[in-house]
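Novice: Structure in structure tokens, see below.
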Amino acid sequence: MTIRPCCLLLVVAFSLALPAQSKPAADSSLAPIAWLVGGAWTSDVKDPSDNSVTHVENRIRWAPNKQAIEFNTDFNGQPHYNGFYAWNPAAKTIAFYYTNSGGELTIGTATPDPDGKTLHQEFDIMHPDGKTGHVRSTLVRDGDNAYWFTVFMQKDGNWAQVFKIRYERK
């Protein structure tokens, strides 16, 4: 063995022996929302204007590197949302990003209540025409396998509930 491969082998072996420096456990920053991971969250949403029903299925899982929580949401079996939650160390917040099948991009933050039951989300939706909209939502846990999802939008300067639906884990 020549000197160069021997040194490379020692460097690799030494680096593997060192503990990771000041890196938290892979999922610790996302622990407040880890309860969402696993199974398929479903809801049948009835449109009051025409009584049509949209079946929503949201699959949430850890990213392979355990540094993000990914989600895919289908409406009536068709892909609609694709996104992820990740820890933003600079802002010290849980951030989320997703796109939809219509070309919108959504960027926001998720703030869990200390009790672990409610998640407050605040986000901006960038529409394909360049316009933006500011929205808020909450996820309120209802046991281990259900939650209420409520969306709020501004109307005349005040936040008003737009809809509220219940998701159940299957």
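The values are calculated or read from the model by the stated rules, or taken from the named source; none is laboratory data. Just so we're clear, the structure is a prediction, and the values are computed from it rather than from any experiment. Note: ideal-geometry Cβ built from the backbone for every residue, glycine included; neighbour counts use all protein chains shown. Remember, those area values only see protein heavy atoms, side chains included, never the ligands or the DNA or RNA. Shrake-Rupley method; radii C 1.70, N 1.55, O 1.52, S 1.80 Å.
Novice: Just to verify a result, which residue in region 58-85, among those that are touching a residue at least 40 places away in the same chain (Cβ under 8 Å) and crowded, with 17+ Cβ neighbours inside 10 Å, is nearest to residue 30 (Cα to Cα)?
Specialist: So, considering only residues that are touching a residue at least 40 places away in the same chain (Cβ under 8 Å) and crowded, with 17+ Cβ neighbours inside 10 Å, the one nearest to residue 30 (Cα to Cα) is 85.
Novice: Here's a follow-up. Out of (1) on the phi > 0 side of the Ramachandran plot; (2) out of contact with any Ser or Thr (no Cβ under 9 Å at 6 or more places or on another chain), what's the single condition that is false for residue 76?
Specialist: (2)
Novice: Out of 97, 85, report the one residue that is over 20 Å from residue 167 (Cβ atoms), touching a strand residue (DSSP E or B) at 6+ places or on another chain (Cβ under 6 Å) and either in a loop (DSSP other than H, G, I, E, B) or hydroxyl-bearing (Ser, Thr, Tyr) (or both).
Specialist: 97
Novice: Another one. Could you grab me the full set of residues in region 122-157 that are of a type in the set (S, T, N, Q) and modelled with pLDDT of 95 or more?
Specialist: 132, 137, 138, 145, 150
Novice: Under the condition of being touching a strand residue (DSSP E or B) at 6+ places or on another chain (Cβ under 8 Å) and farther than 25 Å from residue 29 by Cβ, which residue from region 100-124 is least open to solvent (accessible area, probe 1.4 Å)?
Specialist: Going through the qualifying residues, I end up with 100.
Novice: Of all residues in region 35-44, which are surrounded by 14 or more Cβ atoms within 10 Å (Cβ to Cβ) and either modelled with pLDDT under 95 or outside any loop (DSSP other than H, G, I, E, B) (or both)?
Specialist: Those that are surrounded by 14 or more Cβ atoms within 10 Å (Cβ to Cβ) and either modelled with pLDDT under 95 or outside any loop (DSSP other than H, G, I, E, B) (or both): 35, 36, 40, 41, 42, 43.
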